[in-house]
Amino acid sequence: MKTARDTYDVIVVGGGAAGLMAAGRAASRGRRVLILEKNKQCGEKLKITGGGRCNVTNAEPDTRALLPLYGEAEQFLYSPFSQFGVKDTFTFFEDLNLPLVVEAGKRAFPYTHKAYDVFAALDRYVKSGHVDILTSSVVERVKSGEGTITSVLVGQREFHAESFIFATGGASHPETGSTGDGFAWLKKLGHTVQAPTPGIVPLSVNESWIKSLSGTSFPKVKITFSVDGVKKLTKTGKILCTHFGISGPLILNSSREVAELLYAGIVTAAIDLFPAHDQGALGELLLELFDANKNKMLKNVLKDILPPGTTPALLTLLSGTLTPERTTNGITKEERKELAQLFKSLPLTITGLMGFDRAVVADGGVVLPEVDTKTMRSRLIPNLYVIGDLLAIYRPSGGYSLQLCWTTGFVAGSNA
């Protein structure tokens, strides 16, 4: 039996980034909206994203330059991005008293550098529209009939609506509630769902030297990946050392390609700490450094050119005679050459990709031909809208995934 209090114009399943945007937008149009969130609070993944800083978007204002980065989804995204694009994201958060600042790689963050403040802004947005929010509410069943969704069941309660927006997220960070529930419902409703795999993930390595540098960054390096000794892939950017291997924007955006290499053979990598110098020029730099610091120990001199805190770990890779305690005036030309070779090619063995628990995003989801991206409405279920990470769209690291949440959430909320 329907009750007035359990009947809404729009029900949004999932209170993450996309769901909050969709709910707030629908409410701003005068719709009576309910958010059903399985966690104790909304926005759990949002609060930890970007290492707690929240990379809100990528500040590329040219849509034609931005959308090719989403791979094959490009052709489907021009319409939604024309309705709510990157510039709109900046305006949206400024209007909520949370201006954005742009850092390297066009990565945009809240000026406070606190992910929680992004959630708080969205929370204000939905509450200003008097959206009802039920947390700790697990949707156990989606009921349908005559080609539409009729209701969703949460425990003993049945909630009805004219329109339903699925915003349950993908499969990355399952500890935040993103366990792929929405994929199962969408399959049962007849949608084609590509199985998720960890899409943007750190890499695990065998070597202990890099694990000992956990938390340390190499800000501007070149890394070359090889399969069975044959060079296959070279990238330049920032690398973050972790207790299991390597991460950071450069690695996250290379993980998909590295995954393919792992199928082909043994994958090794070489990190070049001085990509702007060839080996000869680096040797000359070392000679000048040693001449200016005669009689000082190697470990105390190299810290002037190596990233902070990395010297002890890197010196463990040297041969037996070139010890950290050697004085610079006794180092031979051949030993300088050995140092230059090491700094141009720090060795790593890639043992695998980390799983869903460490994935920034996971790919997979509803294939785009089954969604009208002008409205985000399902082409199979006319009162269903599918948004955010439930869509099969490749999303590189750097704010692109959250921008998809803002864009698809806004469009769905404008049409539901």
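What follows draws every value from the coordinates through simple rules; no lab data is involved. Predicted model, so just to flag it, every value in this text is computed and none were measured. Cβ coordinates were reconstructed from backbone atoms using ideal geometry, including for glycine residues, and neighbour counts include every protein chain displayed.
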Among LEU322, LEU384, LEU240, residue whose mean-square fluctuation peaks in a GNM of the chain (springs only between Cα atoms under 10 Å): LEU322
Selected from HIS243, VAL301, LEU282, residue furthest toward positive end of dipole (the range 202-354; charges at beta carbon): HIS243
Charge dipole (debye, nearest 20) of the range 202-354; +1 at Cβ of Lys and Arg, -1 at Cβ of Asp and Glu: 240
Cα centroid separation - the range 208-246 against the range 384-416, whole Å: 31
Proxy reagent accessibility, fewest Cβ within 10 Å first, across ASP389, ASP372: ASP372, ASP389
The range 26-41-the range 70-145 distance, computed between alpha-carbon centres (Å): 14
Acute angle (nearest 10 degrees) that the helix 333-344 long axis makes with the longest principal axis of the chain, alpha-carbon atoms: 0
Considering only the chain, percent of DSSP beta bridges that pair antiparallel, nearest 5: 75
Residue exposure sequence - LYS344, LYS187 - by fewest surrounding Cβ within 10 Å: LYS187, LYS344
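May I ask which of LYS220/LYS337; LYS87/LYS114; LYS40/LYS187; LYS38/LYS220; LYS87/LYS235 have a Cα-Cα span longer than 32 Å here?
Cα-Cα > 32 Å for LYS38/LYS220; rest within.
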Projected label distance in nm at GLU334 and LYS143, using a 7 Å step from Cα toward the beta-carbon: 8.3
Tensor-based shape of the range 202-354 (alpha-carbon gyration tensor, a/c under 1.5 rounded, otherwise prolate or oblate): prolate
Whether the range 42-163 is rounded, prolate or oblate, judged on the alpha carbon gyration tensor where a/c under 1.5 counts as rounded: oblate
C-alpha long axis of helix 400-415 to longest principal axis of the chain, angle in °: 10
Crossing angle, helix 17-28 versus the chain [Cα axis fit, 0-90 degrees, rounded to tens]: 40
Neighbour-count order for GLU158, GLU103, GLU44, fewest beta carbons within 10 angstrom listed first: GLU103, GLU158, GLU44
Where N is the number of residues in the chain, Cα Rg divided by 2.2 N^0.38 Å: 1.16
Choice from LEU213, LEU318, LEU153 showing the highest fluctuation, given a GNM over the chain with Cα pairs closer than 10 Å: LEU318
